[in-house]
Amino acid sequence: MAAYRIRRSAAGPRDTGLMSVVGEGHAEEPGFLTPRVWIPFMVTSLIWGSTWLVIRDQLGSVPATWSVTYRFIVAAIGMFILALVMRQSLKIDRPMVGWTMLLGLLQFGMNFNFVYTAEHYVTSGLVAVVFALLIVPNALLAKYWLGRPISGAFKLGSVIASVGVGLLMLQEYRAAPVGGADVLLGLSLVLCAVATASVSNVLQVTPKIARFPTITILAWSMLWGSIGNSIYAFITAGPPVIDMRPGYIGGVLYLSIIGTVVTFPLYFRLIRDIGPGKAAYTGIVIPVVAMILSTIFEGYVWSMLALAGGGLAMLGLVVAMQAPKPNR
């Protein structure tokens, strides 16, 4: 299989130098222990692991659709400001307008509406654990859409991690204080969220999109996503509803700025550096982080099942993140 050619983004002189992948093979990728990989990986995992507690507090007097809308209106404003501060060009061509609309619909519209709605039926812990399955469609779509091979280490690590995720899922299912029908509906919604997020993850690595800086793509995608969310929220939930509690307002700001503006540029860069499959391993770390935070703030008690699942998930991460030998 021919090696990928690596080139700088063609978005202009103010690009940050993010690398895009073009060709029909597999590019040499940085190892997991290099700072450009493990720092954004851990920062993203830790922050997103904390967002599950905040999201649950958003599900009260305000319809989930409006909470999603507020989050991405603020996030879109923050992303445009970030682009200006970093002197990133916000110019995109006409075809890219359509692509950013699609990414906004999938990643920042459907994905998050599915997640927020699912938390009405199942616990946030179960939602976080099921979302770890993102590694599977991300790896498969990257293989068949982009031609990125799946290494033996990644396959082995994914099997180990999947067993760990299965144990965590079983633990959360047993602890869920809802009926069987609610659990089934909640899980179905999470799987829909996983599917939309995966398609978005892989699409933004394609050369036609990756030629633009990550922050530029995110700013426009969040703008279109927030517009779509506003329309959907008005149709399904009526006029805007807002909770003026400091906790709610603070939660919206945390999810928008820390949980979105800070993390998504880091995560999308990870996708470009190590591929959608490995980047999705943040989803393996996130539920473990969420459970640790729940232990600190909510008195969560770890069972043997949860300990075994968390341990296997982390072991799978270590195995899967072994960098492949470079093509010569």
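Points worth noting:
- FRET efficiency estimate (nearest 0.05) - Cβ-Cβ, Ile292 to Ile81, R0 35 angstrom: 0.65
- Surface analysis of the range 23-175 yields an accessible area of 43 Å² per residue, using protein heavy atoms and a 1.4 Å probe.
- Compactness index (Cα Rg / 2.2 N^0.38 Å), the chain: 0.97
- Each 5 Å bin from zero holds the following percent of Cα-Cα pairs in the range 21-141: 2, 8, 11, 17, 20, 18, 14, 7, 2, 0, 0.
- P(r) tail fraction, the range 202-328 - alpha-carbon pairs more than 26 Å apart, %: 46
- Computed over the range 165-276: relative contact order in percent, which uses C-alpha pairs under 8 Å that are six or more apart: 34
- Protein accessible area in the chain, 1.4 Å probe - carbon and sulfur %: 71
- Most fluctuating residue given options Ile296, Ile215, Ile47, as computed from a GNM of the chain linking Cα atoms under 10 Å: Ile296
- Normalising the average separation of contacting C-alpha pairs (under 8 angstrom, six or more residues apart) by the number of residues puts the relative contact order of the chain at 38 percent.
- Rounded to whole Å, the principal axis extents of the Cα atoms in the range 98-226 read 46, 39, 19, largest first.
- Förster radius 45 Å - calculated FRET efficiency between Ser188 and Ser61, Cβ distance, rounded to 0.05: 0.95
- Isotropically averaged projected area of the range 152-204, using the convex hull of Cα atoms (one quarter of hull area), nm²: 4.7
- Comparing Arg174, Arg272, Arg71 in a Gaussian network model of the chain where C-alpha atoms under 10 Å apart are linked, the largest mean-square fluctuation is found at Arg174.
- At full extension, Leu102 and Val163 could sit 18.6 nm farther apart than now, given 0.36 nm per residue minus the alpha carbon distance.
- Full extension of the chain segment joining Trp145 with Met42 gains 34.4 nm, where the gain is 0.36 nm per residue of separation less the Cα-Cα distance.
- Among Ala290, Ala175, Ala195, the largest mean-square fluctuation in a Gaussian network model of the chain (Cα springs under 10 Å) belongs to Ala175.
- The chain, helix-only ellipticity at 222 nm - DSSP H runs n ≥ 4, -39,500 (n - 2.57), divided by all residues, nearest 500: -22000 deg cm²/dmol
- For the chain, hydrophobic long helices are taken as DSSP H runs at least 18 Å long by C-alpha position along their axis with mean Kyte-Doolittle hydropathy of -1.0 or more; these are 35-58, 64-85, 152-175, 180-203, 214-237, 282-298, 304-320.
- For the range 76-95 versus the range 182-230, the spacing of their alpha-carbon centroids is 18 Å.
The values are calculated or read from the model by the stated rules, or taken from the named source; none is laboratory data. All figures in this text were calculated on a predicted structure; none of them were measured in a lab. Neighbour counts are summed over all protein chains in view; Cβ atoms, including those assigned to glycine, are modelled from backbone coordinates with ideal geometry. Calculation scope for accessible area: heavy atoms of the full protein, side chains included, ligands and nucleic acids excluded. Shrake-Rupley method; radii C 1.70, N 1.55, O 1.52, S 1.80 Å.
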